[in-house]
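Taking it in order: structure first as structure tokens, then the write-up.
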Amino acid sequence: MTAAASVEQHARTVELLLRDPGVDALILITVPTLYLPVEELGQAIADAWERASSVAGPKPLLCSLLAGEVVREGRRVLEERGLFTFETPDRAARALRNMIRYRHGLARRGGAAGPSPAEGSEM
């Protein structure tokens, strides 16, 4: 996507990627422009995650909306809907890496880990 992407384009992209059986998790990195309503963007992304989850099962969606205070309300909406948000993409990537490590640790101990993001990944 480009910086000119609409709320609908963001949501559709998230939904399509999360429905893909080859995708185990998604890190969304976006810098909303000033004309993009960030609260509406947060709602649309959360709705897309819920639609995709109902079809493909829940997958981790880690959101990094960049622009500081400008995106605060969008992040608040995402967090209220149960999604993780991060101020920087590297924090989102580290969180996903830690989720994978935790899941692998559970599997080694014989715990019920469930489906894994990036199965077999050695992050």
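The values are calculated or read from the model by the stated rules, or taken from the named source; none is laboratory data. This one's a predicted model, so the numbers in the text were calculated from it and none came from an experiment. Note: ideal-geometry Cβ built from the backbone for every residue, glycine included; neighbour counts use all protein chains shown.
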ask   = Somewhere in segment 96-106, is a residue over 19 Å from ALA5 (Cα atoms), part of a helix (DSSP H, G or I), at pLDDT 95 or above and within 11 Å of the chain's Cα centre (by Cα)?
value = yes
request  = Please go through segment 22-43 and pick out each residue that is within 23 Å of ARG91 (Cα to Cα) and either in contact with a His (Cβ under 7 Å, 6 or more places away or on another chain) or among the hydroxyl-bearing types (Ser, Thr, Tyr) (or both).
outcome  = THR30, THR33, LEU41
message = It is to be established whether one or more residues within segment 67-76 are surrounded by 15 or more Cβ atoms within 10 Å (Cβ to Cβ) and either without any contact (Cβ under 8 Å) to a residue 24 or more places away in the chain or assigned to a loop (DSSP other than H, G, I, E, B) (or both).
response = yes
message = Can you say whether GLY22 is touching a Gly at 6+ places or on another chain (Cβ under 6 Å), at negative phi, without any contact (Cβ under 8 Å) to a residue 40 or more places away in the chain and not hydroxyl-bearing (Ser, Thr, Tyr), as far as the supplied structure shows?
response = no
ask   = What number of residues within segment 77-93 satisfy the criterion of being buried (at least 18 other Cβ atoms within 10 Å of the Cβ) and either modelled with pLDDT under 95 or assigned to a helix (DSSP H, G or I) (or both)?
value = 3
request  = Answer with yes or no whether ILE45 is in contact with a strand residue (DSSP E or B) (Cβ under 9 Å, 6 or more places away or on another chain), in contact (Cβ under 8 Å) with a residue 60 or more places away in the chain and of a type in the set (A, V, I, L, M).
outcome  = no
